[in-house]
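Okay, structure first, notes after.
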Amino acid sequence: MGLLDFIKKDSSANVASLTPILPEQIYKQGVLELQDVIAPSALKITPREINLGDKIARTFFVMSYPRTLTDSWFSPIINLDRVLDVSIYIQPIDSAEILKKFQKKVAEIESQIMTREQKGLVRDPMLDTAYKDLENLRDQLQQAQEKLFDVGVYISIYGSTVEELDKAESEIKSMLESRLIYVKPALFQQEQGFKSVLPLGHDELEVYSKLNSSPLSSIFPFVSFDLTSDKGILYGVNRHNASLILFDRFSLENYNSVIFAKSGSGKSYTTKLEILRTLMFDTEVIVIDPEREYEFLAQTVGGRYFTISLNSEHHINPFDLAPPREDENPADVLRSNIVSLVGLFRLMLGGLTPEEDAIIDKAITETYALKDITIDSNFAEIEPPLLSDFEMVLAGMEGSESLVQRISKYTKGTWSGFINQPTNVDVNKKFVVFSVRDMEDDLKPVAMYLITHYIWNNVRKVLKKRLLVIDEAWWMMKSDDTASFLYGMAKRGRKYYLGLATITQDVDDFLKSPYGLPMITNSSIQLLLKQSPTSIDNLQKTFNLSDEEKYLLLESDVGEGIFFAGLKHVAIKVIASYTEDQIITSDPSQVLALRQQRADAKEMAENAVQNPPENQNNAVQ
């Protein structure tokens, strides 16, 4: 047989193998679908569990409930510090149909009760209770006060070993059985149980119990360890049950907050995120920025950024006076400002003896009198004195030689450009930042005191919703005068609709101050992020943390910690959108990349101005 005959004979058998494979078919065979991506590398189903790659899953169903269910009985399971999935299937039952069955069941129970009475037997409390419950439920169903449902509750737990699963199973069973609620593993149905817990909405177990509306509502998962209000901003996500932590600080008993965190744990990031979201709710925000971290945020939202340093063009005169409000006495305003100035000079001059304190107090009063400023003056129209005026008055007083010598460096020496100038800053803007990064460390407490005093005077002028953020507040807690002034603002801020947010990484310095603990107790919101081992014991004692919460703070990632509001607290994870992250990030690599992007965009814009499109077209022609 020739080759041609062989090909003709065998062509019908091999026609399929000779059919060419189209490119589309080859492409489809190589395409990955979603299930290919999320599927485990291997799967093994046993009677009690499912091996999903390197994890093991076991599914349970609730099989029995007590006669009554208390509120929040499911909360310990939801907030259990383990990886688990819960599915709740609720199928409504037609009331007319169930009422017919109830009628038959009531007749059966009545018959049993009557039979026992006829035989002279002692009454059965279980039958009596069942009869009353059925009659009450029938009445409520008939009046549409209740509805009946088929309810299936399934729980899947995960672990790396069978021993870990057994421990979790024992923990869950002990929690539920203490409430007379019993669960069983889905033996020989682990595959169906696992599919029922997946977020697909398919119930393949179909293990139901009949519950009416009231007990069913007690299963609602988000009923405990939640810090969610009807209004406010999003602070983060509850790490235990993934619920949202929404709060409005201006709805609490006071508007203050404190944040404690070690360096690099996300405290400034968290604060900038709160500021960005707070600005959307008609709130003015003022920040004292010691590290120039808020400059880009101020530029982005159209705020004002003032640099306070020895060589800065921005100045604040400590002798400025705020016009008294309608409910304030001018004498009280003047007296309060004099007391604050005495504290400022005590800080500037490195402490005062009682005699020097009295001289300073008298000199301040005479300095105001030199400018004809008395309690009868209109503070809005006066020209306040300067530090050089105060020095002149002080020089004419007996026993002031040492004081004049010490204060001269602020009026004639190296530091004269800092404080001996009229005020030329204005906080009349939605967002204002004062930067003290370039100020010498010795003068930073003085600068922060001066800025907060100026802000306080402006806050008292007009009643507005405001938030004052003081980053690295431990600078102000180092001195009793600045700490006392800060504490006074925290106590009196509510009267002027002011919230005070203090942030610090040096927890020990903050708590060493006699005003540290009072500042915490006068703050309705406290946020503890990742802590260092050296300060955790002090924090545990101050905030009455459990050992588990202590270790949670030590092991937290960036942006994770514990959020306190009033008497409640939850584990929090701070989450920002991509756009928010680009505005508030403090990561040096991200900051450099953003600066490069802005520089490239600026260069492109300049090139576009220099070379308009019509010029480019002419050049091409």
Enter the Cα centre distance for the pair the stretch 208-285 and the stretch 482-529, rounded to the nearest angstrom. 21
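If the chain between L567 and I113 were fully stretched, how many nm would it gain, using 0.36 nm times the residue separation less the Cα-Cα distance? Mind showing how you got there, number by number?
Values: separation 454, 0.36 × 454 = 163.44 nm, distance 5.15 nm.
Full extension of this stretch gives 158.3 nm more.
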Any residue on another chain or 5+ positions along whose placed amide H is under 5 Å from the amide H of I572 is listed here as R239, G561, I562, F563
Taking neighbour counts of Cβ atoms within 10 Å as a proxy for exposure, in what order, fewest first, do R48, R58 appear? R48, R58
With a point put 7 Å past each Cα toward its Cβ, work out how far E191 is from D71 in nm, to one decimal. 4.4
Computed E for E440/N611 - FRET, C-beta separation, R0 60 angstrom, nearest 0.05: 0.80
Whole Å is fine, so just give me how far the alpha carbon centre of the stretch 60-134 lies from that of the stretch 326-370. 76
When M280, M397 are arranged by how many other beta-carbons sit within 10 Å of their Cβ, fewest first, they go M280, M397
With an 8 Å cut-off on Cα pairs and a minimum separation of 6 or more residues, tell me the relative contact order of the stretch 317-422 in percent. 31
For the chain, which DSSP H helices look membrane-span-like by this rule: Cα extent along the axis of 30 Å or more and mean Kyte-Doolittle of at least -1.0? 95-118, 588-610
Mean residue ellipticity (222 nm) of the chain, computed from DSSP H runs ≥ 4 via -39,500 (n - 2.57), nearest 500: -13500 deg cm²/dmol
Residues with amide H under 5 Å of L467's amide H, sequence separation 5 or more or different chain, H placed in the peptide plane at 1.01 Å from N; which? E284, V285, I286, G499
Shape category assigned to the stretch 380-454 from the gyration tensor of Cα positions, a/c cut at 1.5: oblate
Here the stretch 414-423 yields Karplus 3J(HN,Hα) values (6.51, -1.76, 1.60; θ = phi - 60°; whole Hz; Gly and Pro given as x) of 4, 9, 5, x, 7, 10, 9, 9, x, 5
So, in nm, how far is label D332 from label T414 when the simple model puts each one 7 Å beyond its Cα toward the Cβ? 4.3
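Over the chain, what lengths in whole Å, largest first, do the semi-axes of the equivalent ellipsoid take, defined as the square roots of 5 times the eigenvalues of the alpha-carbon gyration tensor?
Here the semi-axes work out to 66, 41, 22 Å.
Taking 0.36 nm per intervening residue step and subtracting the Cα-Cα distance, what contour gain separates D509 from R406 on full extension? Numbers along the way, then the final one.
Numbers: separation 103, 0.36 × 103 = 37.08 nm, distance 2.77 nm.
Extra length from D509 to R406 when fully extended: 34.3 nm.
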Is the shape of the stretch 120-259 best called rounded, prolate or oblate, per the rule: a/c under 1.5 gives rounded, else a/b larger than b/c gives prolate, else oblate, with a ≥ b ≥ c the square roots of the Cα gyration tensor eigenvalues? oblate
Length released on extending from L200 to A601, taking residue separation times 0.36 nm less the Cα-Cα span: 139.8 nm
Other residues with Cβ under 15 Å from the Cβ of E555 give, with Lys and Arg +1 and Asp and Glu -1, a net charge of -1
In the neighbourhood of D282 defined by beta carbon distances under 10 Å, the net charge of the other residues (Lys, Arg +1; Asp, Glu -1) is +2
Can you pull the one-decimal nm distance between simple spin-label points at T161 and E135, each 7 Å off the Cα toward Cβ? 5.8
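Tell me, what is the FRET efficiency for T300 and K105 to the nearest 0.05, using R0 = 51 angstrom and their Cβ-Cβ distance as r?
Between T300 and K105 the formula returns 0.15.
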Using a Förster radius of 35 Å, what is the FRET efficiency between D248 and Y182 based on their Cβ-Cβ separation? Nearest 0.05, please. 0.25
Just need the Rg to Rh number for the stretch 401-523, please, alpha carbons only, Kirkwood Rh. 0.98
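Shape verdict for the stretch 504-578, please, from the Cα gyration tensor: rounded (a/c under 1.5), prolate (a/b greater than b/c) or oblate. Don't skip to the answer; put the middle values down first.
Values: a/c = 1.57, a/b = 1.34, b/c = 1.17.
Verdict is prolate for the stretch 504-578.
Only the coordinates and a few stated rules stand behind these numbers; no lab work does. Predicted, not measured: the structure shown is a model, and the values here were computed from it. Heads up, the Cβs are rebuilt from the backbone with ideal geometry, glycines too, and the neighbour counts pull from every protein chain shown.
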